[in-house]
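Undergrad: Quick one: the structure is below, questions incoming.
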Number of protein chains: 2
Amino acid sequence: MTDLLSLSEADRLIGASLPLFADETVPLAGAAARILRQDVLAERALPPYDRVIMDGIAVRWTGQHRHFLTAGLQGAGQPPLTLPEDGACIRVMTGSVLPLGADTVIPREKLVEEERDRQGRHAFRLETDYAPSPGQHVHRQGADCRAGERLLGAGCILTPPAMAILAANNVAHPRVTRVPAIAIVSTGDELVSPGAPVENWQIRRSNEFAIGASLARKGFVRQTQSILRDDLAQQVETLGALLASHDVLILSGGVSMGEFDYIPRALERLGVRKVFHKVAQRPGKPFWFGIAQDGRPVFALPGNPVSAASCCSRHVIPALLRAQGAEAAPIRMVRLGQALDPIRDMTRFVPVRLTQDDGGMTTAIPFPMPSSGDFNRLALTDGIVELPPGGATREAGCAVAFHDW
Amino acid sequence: MTDLLSLSEADRLIGASLPLFADETVPLAGAAARILRQDVLAERALPPYDRVIMDGIAVRWTGQHRHFLTAGLQGAGQPPLTLPEDGACIRVMTGSVLPLGADTVIPREKLVEEERDRQGRHAFRLETDYAPSPGQHVHRQGADCRAGERLLGAGCILTPPAMAILAANNVAHPRVTRVPAIAIVSTGDELVSPGAPVENWQIRRSNEFAIGASLARKGFVRQTQSILRDDLAQQVETLGALLASHDVLILSGGVSMGEFDYIPRALERLGVRKVFHKVAQRPGKPFWFGIAQDGRPVFALPGNPVSAASCCSRHVIPALLRAQGAEAAPIRMVRLGQALDPIRDMTRFVPVRLTQDDGGMTTAIPFPMPSSGDFNRLALTDGIVELPPGGATREAGCAVAFHDW
């Protein structure tokens, strides 16, 4: 087993070989969950004006008056009116600018509206005993940030708050990572598509659907799915066409030591340089990784469903996230709910279901797969935990790294 | 404040008023992350045949032979060959059917290939001292499940493993919840779109982008965005058209007590029945919820960005997930990283950043907003925690409910 690559060495080799995906500008409404590739500076001070934050009246508070004659209505989005004198008020709305000359907002709930006077003007009286604080209910210009302040940095993911910040700072077409076109390919003569008749000795293709769903979860929605027979010439032709039209190839099957496992040969014929083949991990040992002449990565995963899913979660998705220029996310650690034995000279992946307790603790309940072809039980799981090689039994309560499906 | 609705009452009223969204069948490749609306039964026993799980040779293991003459090659996806006699072997691939008459697989790593004999046949010899277990490396027919067994139930989300299970069980067109068409509408004369010139007393619309991103995260990707002026007639006309063409309306702004807050009136003119207006929560008190005559829900959120985002996370998204027919997800609890004071008679929402420690514990670091209009700092947060009304200070270490943006 000493000829097998360790996981950290595989990580290093993938990291050193990966391209950085191209960027593009997109309309803001389509940018959610994409990776930002520019810095965003505050367009102007925030708030950009003294902003009223309650519905009511704006006054200059001197403590001399408790009865205010209305001198106008300051709507949101209107240029500021001017308060004519102490003892006058201007009616204001949440979000409107504070009228010039005013310094304080009295909320509507604290006001008693009085009859119109002879000139038809409204007036308001403060509720008995109500004592406003001078300057209250005004969100001062520049209180939140100065113009030019850096609000978002390249590499951040466009979460809902980040989207609001882009909009508020006039970034109508943010620069983001282009979503790479990914070809997902299953190989194997035993594979039959869902919907087609199946013989007893055949199995239905399923890996592309699981891999496609894992990728889509992380925003990799530009996908094509194909199926390849165990035929070297056909593989070379189809893979060549896919390489020409996609940024990434993800294969499953055809990388073991079987007689018909032609994938490494087909890829080498197409000039895809093998970076490694076989990693000290179970399941997933036959994982193959290479780089095409123009730098496009090719991930060739074992065909076994649990192996393919584990390699996708542990290797492919983190690599693609990195290639998007995303800030590296820390590995998520969870608490093991039951003891698990490591493997002496290999990293072990075990499917787990996560449970959250009422105190904020996340526990991983192992669902060891008696055979790596049994994936029905995977429906109950959320991802895999990773046990580094060797050492003693990892007891319940140990912290282990988790990777979601 | 006693006239304000409690959160649990708001939950109950929304739950009682919501429709169940329609279902549809879709091609499997497009079903990822959708909500399943059918049960899925095992198409056949799994594995459907005695499945070889190592590359090597298949033999009938009697312990009598350590040298095997090859009688053929059993590829994956081929009907089973027959082993002619004890002492013969058939070369097998991972995933192929076990040849008839064989019971055991010897992996290739344990074999020494011998020269062809005079008839041109290969032969294999077992490595010295290697002792196979009878029956090894065969995944027996039906070991994983019986035909007809229920594998997935209506209401589950189509995770990557669930997608593999659909494919493997011949569900080429699963029945799933139709993605509802959602209109996201901002109102307010002070709002200017990103990219347009802005005056000092105006602010840029941002709520639709944050709300749209929150919805998209949960799979609600059929969205339109509109902006409404503070003009009752225009609001009635535009909202009427949006109601006719969307399953859900989500408004922000225009629901406070301001002079131009026409939204409740506009909706009532359109026959949208008010279910409630104002909830005992801060931020987000002016939240309005109603149901159109044909049952379509209308969520009218306050226009303030932090209020709108909090109402979206706490009320809108959970309601829409329920209306999809999804199994109810448990509320996520997290540990408070710093003490927070509740509000006496209102539920308090506080933006938080989640941090995961190396032992599996999730801690929420509060980012209280000095004004609910300050959303730059929200970029650092992951969602809100919810503090029920009253009671003592919630100390660091307390468990609180969390809702992601």
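The values are calculated or read from the model by the stated rules, or taken from the named source; none is laboratory data. Just so you know, these numbers come straight off a predicted model, no measurement behind them. Cβ: placed from backbone, ideal geometry, glycine included. Neighbour counts: every protein chain shown.
Undergrad: Is it fair to say A:D231 is surrounded by fewer than 16 Cβ atoms within 10 Å (Cβ to Cβ), touching a Phe, Trp or Tyr at 6+ places or on another chain (Cβ under 8 Å) and among the acidic types (D, E)?
TA: Answer is yes for this residue.
Undergrad: Taking the residues in the stretch B:12-55 that are in contact (Cβ under 8 Å) with a residue 24 or more places away in the chain and in a helix (DSSP H, G or I) as candidates, determine which candidate is nearest to the other protein chains (Cβ to nearest Cβ).
TA: Checking each candidate, the answer is B:L28.
Undergrad: Okay, moving on. Go through the residues of the stretch A:379-402 one by one and say whether even a single one is closer than 21 Å to B:A364 by Cα and among the charged types (D, E, K, R).
TA: no
Undergrad: Just to be sure before I move on: is A:S8 at pLDDT 95 or above and among the hydroxyl-bearing types (S, T, Y) in the structure I sent?
TA: yes
Undergrad: Looking at this structure, is B:R178 surrounded by fewer than 22 Cβ atoms within 10 Å (Cβ to Cβ), in contact (Cβ under 8 Å) with a residue 40 or more places away in the chain and under 21 Å from the mean Cα position of the chain (by Cα)?
TA: Here the answer is yes, as B:R178 does meet what is asked.
Undergrad: For the stretch B:179-199, enumerate the residues that are closer than 30 Å to B:R322 by Cβ, small (G, A, S) and either assigned to a strand (DSSP E or B) or at the interface with chain A (Cβ under 7 Å from one of its Cβ atoms) (or both).
TA: Of everything in the stretch B:179-199, those that are closer than 30 Å to B:R322 by Cβ, small (G, A, S) and either assigned to a strand (DSSP E or B) or at the interface with chain A (Cβ under 7 Å from one of its Cβ atoms) (or both) turn out to be B:A183, B:S186, B:G188.
Undergrad: Considering (1) more than 7 Å from chain A (Cβ to nearest Cβ); (2) surrounded by 15 or more Cβ atoms within 10 Å (Cβ to Cβ); (3) free of Cβ contacts under 8 Å to residues at least 24 places away in the same chain, say which one B:E208 fails and leave the rest.
TA: Just one mismatch for B:E208, condition (3).
Undergrad: Separate question: Of the numbered conditions (1) touching a Gly at 6+ places or on another chain (Cβ under 8 Å); (2) within 27 Å of B:P47 (Cα to Cα); (3) of a type in the set (F, W, Y), A:F367 fails exactly one; give the number of that condition.
TA: (1) is the only condition that A:F367 fails.
Undergrad: Here's something else I'd like to know. Return the residue satisfying two criteria in turn: it lies in the stretch A:57-79 and is within 12 Å of chain B (Cβ to nearest Cβ) and on the phi > 0 side of the Ramachandran plot, and of such residues it is modelled with the highest pLDDT.
TA: A:G72
Undergrad: Which members of the stretch B:386-405 meet the condition of being more than 9 Å from chain A (Cβ to nearest Cβ), crowded, with 20+ Cβ neighbours inside 10 Å and in contact with a Pro (Cβ under 7 Å, 6 or more places away or on another chain)?
TA: The answer is B:L387, B:R394.
Undergrad: A further question follows. Working only within the stretch B:96-113, note down all residues that are more than 12 Å from B:F68 (Cα to Cα), touching a Pro at 6+ places or on another chain (Cβ under 6 Å) and surrounded by 19 or more Cβ atoms within 10 Å (Cβ to Cβ).
TA: Of everything in the stretch B:96-113, those that are more than 12 Å from B:F68 (Cα to Cα), touching a Pro at 6+ places or on another chain (Cβ under 6 Å) and surrounded by 19 or more Cβ atoms within 10 Å (Cβ to Cβ) turn out to be B:V97, B:P99, B:T104.
Undergrad: I'd like the residue in the stretch A:70-79 that is among the aliphatic types (A, V, I, L, M) and part of a strand (DSSP E or B) and, out of all such residues, is farthest from B:Q202 (Cα to Cα).
TA: Applying the filter and picking the extreme gives A:A71.
Undergrad: Could you say which residue among A:R222, A:R229, A:R265, A:R205 is modelled with pLDDT of 95 or more, among the basic types (K, R), farther than 30 Å from A:R344 by Cα and in the same structural domain as A:D11 (by TED's automatic domain parsing)?
TA: A:R222
Undergrad: So which of A:L354, A:L378, A:L320 ends up being facing chain B (nearest Cβ under 10 Å), buried (at least 22 other Cβ atoms within 10 Å of the Cβ) and of a type in the set (A, V, I, L, M, F, W, C)?
TA: A:L378
Undergrad: Related question: Every residue in the stretch B:323-351 that is more than 19 Å from B:L13 (Cβ to Cβ), within 12 Å of another protein chain (Cβ to nearest Cβ) and under 20 Å from the mean Cα position of the chain (by Cα), please.
TA: B:A329, B:P330, B:R332, B:M333, B:V334
Undergrad: Taking the residues in the stretch B:357-375 that are at pLDDT 95 or above and at the interface with chain A (Cβ under 9 Å from one of its Cβ atoms) as candidates, determine which candidate is surrounded by the fewest Cβ atoms within 10 Å (Cβ to Cβ).
TA: In this case the residue turns out to be B:T363.
Undergrad: Hey, A:P161 hits all of (1) surrounded by fewer than 22 Cβ atoms within 10 Å (Cβ to Cβ); (2) free of Cβ contacts under 8 Å to residues at least 12 places away in the same chain but one; which does it fall short on?
TA: For A:P161, the exception is condition (1).
Undergrad: Looking at A:P297, is it under 19 Å from B:G56 (Cα atoms), within 31 Å of the chain's Cα centre (by Cα) and buried (at least 20 other Cβ atoms within 10 Å of the Cβ)?
TA: Considered against the rule, which asks whether it is under 19 Å from B:G56 (Cα atoms), within 31 Å of the chain's Cα centre (by Cα) and buried (at least 20 other Cβ atoms within 10 Å of the Cβ), A:P297 comes out as no.
Undergrad: Condition first: closer than 18 Å to B:Q225 by Cβ and hydroxyl-bearing (S, T, Y). Now tell me which residues in the stretch B:245-302 satisfy that.
TA: Passing the criteria: B:S245, B:S252.
Undergrad: For the stretch B:211-225, how many residues are more than 8 Å from chain A (Cβ to nearest Cβ) and charged (D, E, K, R)?
TA: Residues that pass the stated criteria total 2.
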